[in-house]
Every structure is written in C-alpha cells, then in structure tokens.
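Engineer: Could you have a look at this structure, given as structure tokens, before my questions?
The values are calculated or read from the model by the stated rules, or taken from the named source; none is laboratory data. Just so you know, these numbers come straight off a predicted model, no measurement behind them. With ideal geometry, Cβ positions are generated from the backbone for all residues, glycine too; neighbour counts draw on all protein chains shown. To get the accessible areas, we keep the full protein, side chains included, count just its heavy atoms, and leave off ligands, DNA and RNA. Shrake-Rupley method; radii C 1.70, N 1.55, O 1.52, S 1.80 Å.
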Amino acid sequence: MNDIVVLAVSGVTRSDLASAQLGGRFGRLDLISQLALLAVEPLAPHFDSLPRERIGICIAVRAGSLSTDVEYWKDRDATGGPSPMLFTYTLPSSAIGEIAIRHRLTGPNLCFVGSDDIVLSEAADWLRRADVDGCVCVSCDVVTPPAAEVIQETPATTACALFLARGSNGLHALREIDRDMKLLCDKIRSQNPACPK
Amino acid sequence: MEISLTELKAKIIESLKLQDITPDKIADDAPLFGEGLGLDSIDALELVVMLEKNYGIVIKDIEEGRPAFRSARALADFINARRPAA
C-alpha cells in the first residue's frame, strides 16, 4: 500500500462534544453522527485541494445504530410517539449523510456495520482504482449504557477518522497490516504531536 | 392559561435541539421554515409531536397545521385556540 498515504488523523470521545462548535443543527444529530462529524472536522482543510465529487467516505459503525434504536424504542409508548428526528438516525449509515452534507462531499460512500478492519483496505482500493482522489475513513464505536445492556458489552463512545490520498508525502504510508483504525490513529498522533486531538 | 410567545419559543428550541439560539433571537413573525429559522420537514414532524406531548393538540393532517407553522406567533395563536380546556 506504499502509494497511499494518511494525510490527517483525529480522534474524539463523548467528552469532546461539550466544546463542539459545529453550528445550530449539531444538537439534532444522534450520538454516532455527532462523534463522526466531530472526528472529521480537523480533516476538512485537506478537502479543499480536491474536487468534492472525487472524495469518498468509508465508515464503520461497530454496533450499527443500536444505541439510537434503543433510545427510539424506549419512547415508543410516549404521548405523540417517539421523536421523528431520532427516527432518521435509526439507520447505521446516517453519519455518512451528515458528513457529506456538511463538507459537500459527493463521491462514493460505504458503511460497514461491525469491525472497522476492512475500511482502510476498501478505501485504498478505491484510491488505487482511481474511483476517488481522497477518502475520509471513519470508525465509530458507540454503545451507550442502555444499548450495552442489550448486547452485553462494555459501553463506548469514541470515533476516529483518517484522510487517505494517493501520493508519497503524508503522516504515514499505508501498509497491508494497517487494519485497526483506532490503533493506527493513536500511533500516528503519538508520532506527530502537531496532529489535532 | 394562554401560552406566551417566549415560552413557546423555548419549547421549539428544546424540542428541535437548536443550539446557539435563544428565544429572543426568534422574531415573532419570522418564517419558521425555509428562510427565517431554517427548519425542514423533519422539524415539522417534531413540532407536531411537541404539540401533542405538551399541549394535547393532535394534528392528523399536516395541511391542517401548515398555517400554524408560519411563524412563532401563528403557532402560539393556534395553540391558544386549540388547546383543550384544563
């Protein structure tokens, strides 16, 4: 994969949401979309050098929209019914739409529910085939405490994002063994103190 | 008791989870949708749910609610006219 480089990385947790300044409509998004948008934000300056229709989005959401589904289901008997706004986020890929709208990215997109270990290789394939000139890769790990009870897992609320492009100059040359996105993000950030959080 | 415009604006902000906006920033007669507050069709549905939850007003046909959603003042008038007696 030595022709593909990571140009930017970032990682966020739920605590970062408190200081997020992403506009008036940010509050309506579900937790997955909020974390994904916040993680992608520091990557945005790199989008300006490429045509927006040539930038793809590849995302993995470990537990799909389960946390949002549980929240929606909880309100099923409420007067007036559950929130229509929340309903729009009971789709695992909804974060892709939010990223695409905010950054006006109209390239191909792909959403994996489950592990993120195929995201980077899929994005690299797009780049090598010249389907895209850049690719935003996002991994969201969102399992709220009520959802964690359902699937007997540990709660988590993190997201990390990388921006890949063809070339030789970047923070890191992508290799076949680079599969764990969070591990790679942490590694690149530790080696590049100037990287955004 | 009649609903005040300030109270209604606060309810709109709360139910639509609008950030960086306070009741005094919503003009009484400014359009809620499109220009003005910039709400969309999902927000309209959310407002329908808000009316039922908070004021016991059921809107079964969106056309029935359309005039009410013109502005904050129109919505307050609609609520005050349709609100079930306590």
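Engineer: How much FRET efficiency would the formula 1/(1 + (r/R0)^6) give for B:Glu64 and A:Glu153, where r is the Cβ-Cβ distance and R0 is 51 Å, rounded to 0.05?
Structural biologist: That gives a FRET efficiency of 0.70.
Engineer: Projected onto the charge dipole of the protein assembly as shown (+1 at Lys/Arg Cβ, -1 at Asp/Glu Cβ, origin at the Cα centre), which of A:Gly170, B:Ala30, A:Leu43 gives the Cα projection farthest towards the positive end?
Structural biologist: The residue sitting farthest along the positive end of the dipole is A:Gly170.
Engineer: What number, in nm² with one decimal, is the all-direction average of the projected area of the convex hull of the alpha-carbon atoms of segment B:5-82?
Structural biologist: Result: a mean projected hull area of 4.5 nm².
Engineer: Magnitude of the Cβ-charge dipole of segment A:15-128, K/R +1 and D/E -1, about the Cα centre, nearest 20 debye?
Structural biologist: Result for segment A:15-128 is approximately 300 debye, rounded to the nearest 20.
Engineer: Sticking with this structure for a sec: Charges at C-beta only: +1 for Lys and Arg, -1 for Asp and Glu. How large is the resulting dipole of segment A:141-197 about its Cα centre, in Debye rounded to 20?
Structural biologist: The calculation lands at about 380 debye.
Engineer: Averaged per residue, what accessible surface does segment B:5-82 expose to a 1.4 Å probe, in Å²?
Structural biologist: I get 51 Å² per residue for this part.
Engineer: Which whole-number value in Å³ per residue fits the convex hull of the alpha carbons of the protein assembly as shown?
Structural biologist: Dividing the Cα hull volume of the protein assembly as shown by its residue count gives 143 Å³.
Engineer: Ok, one more. Treating only the Cβ of Lys, Arg, Asp and Glu as charged (+1, +1, -1, -1), what charge dipole size does segment B:5-82 show about its Cα centre? Round to the nearest 20 debye.
Structural biologist: Here segment B:5-82 has a charge dipole of around 180 debye.
Engineer: Can you tell me the FRET efficiency between B:Glu52 and B:Ser4 if r is taken as the Cβ-Cβ distance and R0 is 25 Å, rounded to the nearest 0.05?
Structural biologist: 0.80
Engineer: Once you put a point 7 Å from the Cα of B:Lys17 and another 7 Å from the Cα of A:Arg128, both along the Cβ direction, what distance in nm separates them?
Structural biologist: Calculated label separation equals 3.9 nm.
Engineer: Which whole-number percentage describes the relative contact order of chain A, with Cα contacts under 8 Å and a sequence gap of 6 or more?
Structural biologist: The normalised contact order for chain A reaches 38 percent.
Engineer: How far apart, in nanometres, would the label points at A:Arg76 and A:Leu91 be if each is projected 7 angstrom from Cα along the Cα-to-Cβ direction?
Structural biologist: 2.1
Engineer: Ignoring ligands, DNA and RNA, what percent of the accessible area of the protein assembly as shown is carbon or sulfur (1.4 Å)?
Structural biologist: Percent of accessible area from carbon and sulfur atoms in the protein assembly as shown: 53.
Engineer: Under the 0.36 nm per residue contour assumption, what length would be gained going from the current alpha-carbon distance of A:Arg52 and A:Ser168 to full extension?
Structural biologist: 39.6 nm
Engineer: Right, here's the next one. Say each of A:Ala44 and B:Ser41 gets a label point 7 Å from the Cα, pointing the same way as Cα to Cβ; how far apart are those two points in nm?
Structural biologist: 2.7
Engineer: Tell me, in nm to one decimal, what length is gained between B:Arg83 and B:Asp24 on full extension, where the rule is 0.36 nm per residue of separation less the Cα-Cα distance?
Structural biologist: Result: 18.8 nm gained on full extension.
Engineer: Kindly point out, ordered by number, any Cys in chain A whose beta-carbon has no other cysteine beta-carbon under 4.7 Å away.
Structural biologist: That list is A:Cys58, A:Cys111, A:Cys135, A:Cys137, A:Cys140, A:Cys195.
Engineer: Hey, any idea what the orientation-averaged projected area of the convex hull of segment A:1-111's Cα atoms comes to, in nm²?
Structural biologist: Here the figure is 8.3 nm², rounded to one decimal.
Engineer: Report for chain A the percent antiparallel among DSSP-assigned beta bridges with both residues inside it, nearest 5.
Structural biologist: 65
Engineer: In straight Cα distance, which lysines are under 20 Å from B:Lys25, not counting same-chain residues fewer than 8 positions off?
Structural biologist: Output for B:Lys25: B:Lys9, B:Lys11, B:Lys17.
Engineer: Hey, if you drop one equal point scatterer on each alpha-carbon of segment A:35-181 and run the Debye formula without solvent, what base-10 log of I(q)/I(0) do you get at q = 0.19 Å⁻¹?
Structural biologist: -1.10
Engineer: Which value does Rg/Rh take for segment A:81-156 over its C-alpha atoms, Rh per Kirkwood?
Structural biologist: That ratio equals 1.04.
Engineer: Report the accessible surface area buried between chains B and A, summing both sides, using a 1.4 Å probe on protein heavy atoms only, in Å² rounded to the nearest 100.
Structural biologist: It comes to approximately 1300 Å² buried between B and A.
Engineer: Let me ask you something else. Quick check: residue separation of A:Arg175 and A:Ser19 times 0.36 nm, minus the Cα distance between them. What number comes out in nm?
Structural biologist: 52.7 nm
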